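Report on one structure; see the data block that follows.
Bear in mind that the values in this text are calculations on the coordinates, not laboratory data. This one's a predicted model, so the numbers in the text were calculated from it and none came from an experiment.
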Amino acid sequence: MNYENILTAEHGHGALRTGVITLHRPKQFNALNDALMDELGAALKAYDADDGIGCIVVTGSEKAFAAGADVAAMAKFDHMHVYKTGYITRNWETLATIRKPVIAAVAGFALGGGCEVAMMCDFIIAADNAKFGQPEIKLGVIPGAGGTQRLPRAVGKAKAMDMVLTSRMMDAAEAERAGLVSRVVPADKLQGEALAAAEVICSLSLPSVMMAKEAVNRAFEAPLGEGIRFERRLFHSLFGTADQQEGMAAFLGKRKPTFRHR
Ligand code: CO8
């Protein structure tokens, strides 16, 4: 498929490769409009359905992961337009429905919808120049793609309120301290670090990777007891896979496992 607002590429030589999606509206700091979000959704779904892909990386440019929803487009909307067209819900939740792991590799600005897109990914690797923020309050609105819900879960109420109410940006070091990002690396190492993490994931058994993702995500939606029971069922079900037999036999045989992803 031909895309105009994103770039796609595949990396790796194993049975499972990494699909890399680069947000690409450089003149607008990757501001997110419907066309871009539709393309992002389509590319994510295509990689999720592709048996040769084990992990997805979403990234932007060195200056901006994404500076938020496209204000120029949004400024023209009225209440009935956004309500009737389901603005945001139409194409913004696709990322949160992807079953394979999605890593956000963030350099530069991740603001508003850009921060929300990064938070919909499974974890964020940040360049040391990354800046995270939810500045919607300055535009007379509030975060609308999950920011008021995912940010407090990631960084706690105090920092989330500070960012959402004052529009203060968090730099990469603070974001790592607060738990918003998993790693911070020099900007020129960002792509390499994200691809290396993705390659590790691709080398593992896909069913266990997908179930691990599902189980961790359940921690944000279910009470503890229900989450633990959910985890137990998934854990049990993995004993029905060839890869569990192979993984344990390889460990005991002191050799590398050859996973068949089933
Ligand atoms: N939308 C549209 N254009 C943008 C955006 C944006 N969010 N951000 C930057 N641009 C454009 C600028 O207009 C400018 O274009 P031009 O050169 O044609 O004037 C170009 O990108 C470069 O920007 P600046 O000249 O401002 O560059 P600076 O380095 O001075 O500043 C900043 C960079 C700090 C990123 C600044 O551009 C900025 O503050 N941008 C807006 C950030 C913002 O408010 N984001 C939140 C938007 S609201 C939102 O995301 C709501 C999400 C709700 C869900 C989404 C539903 C779709």
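Using just the helices of the chain, give the 222 nm mean residue ellipticity in deg cm²/dmol: DSSP H runs with n ≥ 4 each add -39,500 (n - 2.57), and the total is spread over all residues, rounded to 500.
It lands at -13000 deg cm²/dmol.
Helix by helix through the chain, keep the DSSP H runs that span 30 Å or more along the axis on Cα and average at least -0.5 on Kyte-Doolittle, and give those back in order.
Values: long enough: none.
Counting only whole DSSP H runs, no helix qualifies.
Please report the projected area of region 1-92's Cα convex hull averaged over all directions, in nm².
Across all orientations, region 1-92 yields a mean hull projection of 6.7 nm².
Send over the per residue convex hull volume for the chain, Cα only, as a whole number of Å³. Intermediate values should be presented prior to the final figure.
Values: hull volume 37.9 nm³, N = 262.
In the chain, the Cα convex hull volume per residue is 145 Å³.
State the extension gain, in nm to one decimal, for the chain segment bounded by L238 and E214, taking 0.36 nm per residue of separation less the distance between their alpha-carbons. Working shown, then result.
Values: separation 24, 0.36 × 24 = 8.64 nm, distance 1.31 nm.
Roughly 7.3 nm would be gained on extension.
Sorted from largest to smallest, which semi-axis lengths in Å does the alpha carbon gyration tensor of region 95-164 give for its equivalent ellipsoid, taking the root of 5 times each eigenvalue? Provide the component values of the computation, followed by the final result.
On the way: eigenvalues 74, 40, 26 Å².
Over the Cα atoms of region 95-164, the ellipsoid semi-axes are 19, 14, 12 Å.
Could you sort out which of K45/K213; K27/K84; K76/K138 sit more than 20 Å apart by Cα distance in this structure?
Details: K45/K213 17 Å; K27/K84 30 Å; K76/K138 17 Å.
Violating the 20 Å Cα-Cα cut-off are K27/K84.
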